[in-house]
Structure formats: structure tokens, C-alpha cells
1. Would you call ILE59 assigned to a helix (DSSP H, G or I), within 18 Å of GLY109 (Cα to Cα) and either modelled with pLDDT of 95 or more or within 13 Å of the ligand (Cβ to nearest atom) (or both)?
2. How many residues does region 23-41 contain that are within 16 Å of the ligand (Cβ to nearest atom) and of a type in the set (A, V, I, L, M)?
3. Kindly evaluate PRO55 against the criterion of being farther than 22 Å from PRO12 by Cα and surrounded by fewer than 22 Cβ atoms within 10 Å (Cβ to Cβ).
4. Being of a type in the set (A, V, I, L, M) and farther than 25 Å from GLY149 by Cβ is true for just one of VAL92, VAL85, VAL60. Which residue is that?
5. Test of understanding: among ALA113, ALA130, ALA107, ALA122, which residue is open to solvent by 50 Å² or more (accessible area, probe 1.4 Å), of a type in the set (Gly, Ala, Ser) and either within 12 Å of the ligand (Cβ to nearest atom) or outside any helix (DSSP H, G or I) (or both)?
6. Would you check which residues across region 1-43 are crowded, with 17+ Cβ neighbours inside 10 Å and within 20 Å of GLY94 (Cβ to Cβ) and list them?
7. Which of the residues spanning region 74-98 are under 28 Å from GLY115 (Cα atoms) and open to solvent by less than 40 Å² (accessible area, probe 1.4 Å)?
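The values are calculated or read from the model by the stated rules, or taken from the named source; none is laboratory data. What you see is a predicted model; the values in this text were computed from it and never measured. Neighbour counts run over all protein chains shown; Cβ positions are idealised from the backbone, glycine included. Heavy atoms of the whole protein, side chains included, go into the accessibility calculation; ligands, DNA and RNA do not. Shrake-Rupley method; radii C 1.70, N 1.55, O 1.52, S 1.80 Å.
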Amino acid sequence: MAILPIRRAGDPVLREKAKRVRVIDSSIHKLIEDMWDTMYDAPGVGLAAPQIGVPLRVIVIDVPGHERIALVNPEIVKRSGERRVDEGCLSVPGFRGEITRSVKVVAKGIDPATGKEVRIKAENDLLAQALEHEIDHINGILYIDYLPGPDALIPLEDAPEVRR
Ligand code: NI
């Protein structure tokens, strides 16, 4: 078990197009364990490997109402509709922003526990948002890229940085 430092916006690893995982070996299982530990410690509902400095296509998500998901080499296979959502990111601590995400999302990837491909469908919920957010991460995209400018970032009143 390891809780690792979360890389922040400005770190070049967050801007790389992460590499595909070729073999799901013990190093990948260890990476995923570290990602869970780091995500729950933060705490957050999703994490992508580049956020702990590893430029590989691996994501984890744990949102209420759905069993937790680890995906290797995930990709969005279908998305439709638009909705406005409030979004935040562990790599942009202390802020949130309002952006446009899809209503329906279908993603696929390899379940590291079985080595088999799985498809995940989500609609109009936090899971749909998280799938797009985390898969953006492995493509070097942060949600702040969708904001019209830095002024559109909204400070979180209860963020540790401003808590006294
Ligand atoms: Ni994020």
C-alpha cells in the first residue's frame, strides 16, 4: 500500500498522451493498488495513473451507486448529448468549474482482475462524468482546458488551502 503525491496542473506528466499497457503484470496490479490508496486518501472519486506520475493508460473510479471500476487502456466508444456539470480535479486542488460533458457515455477497457474487455454504460450521472474526466487525463487533457479562461475557476470555500 502506498499513498503517493498527486501531481498538480503545471506538471508535464499530466500533459503527456499516456502509453498503452501491453501486459497486465504485477507492476500494473501494484500501480492500481497505489491509485486506490491515493484516491481514497485524497479523497476523490477517480484517479488516472498520470496523476501519480505514471504515464500509462490506467484509471480508477469509485462513485456512489456503482461498484468501483479499474480500467486498463480505456477509451470512450460512444458519447451523445450535452449537459452542464460542476467539475473538480485532484490535480487542481481548491477549485471547481462549470463545463459541458456528455449525457450518455459508453466506455470500454480491460478489467485488470480478469484480463477481459468490459463495456461500461453511464447516463446523466457522476459515473458518465468521471469516465470522460479520467479518460481525458490519459490523453493529457484537464477539465480546466474547457473553461473560457482562468477567471472561470471558482475557489472552493472549504478547500484545505483556505481553511484556517
Ligand atoms: Ni482529475
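1. no
2. 2
3. Answer is no for this residue.
4. Among VAL92, VAL85, VAL60, only VAL60 is of a type in the set (A, V, I, L, M) and farther than 25 Å from GLY149 by Cβ.
5. ALA113
6. Scanning region 1-43 gives ILE6, ARG7, LEU14, THR38, MET39.
7. Result: PRO74, ILE76.
Each row is one residue, and each column tells you yes or no for (1) away from the ligand (no atom under 15 Å from the Cβ); (2) among the charged types (D, E, K, R); (3) in a helix (DSSP H, G or I).
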site	(1), (2), (3)
LYS17	yes, yes, no
VAL21	yes, no, no
PRO43	no, no, no
HIS66	yes, no, no
ARG84	yes, yes, no
SER91	no, no, no
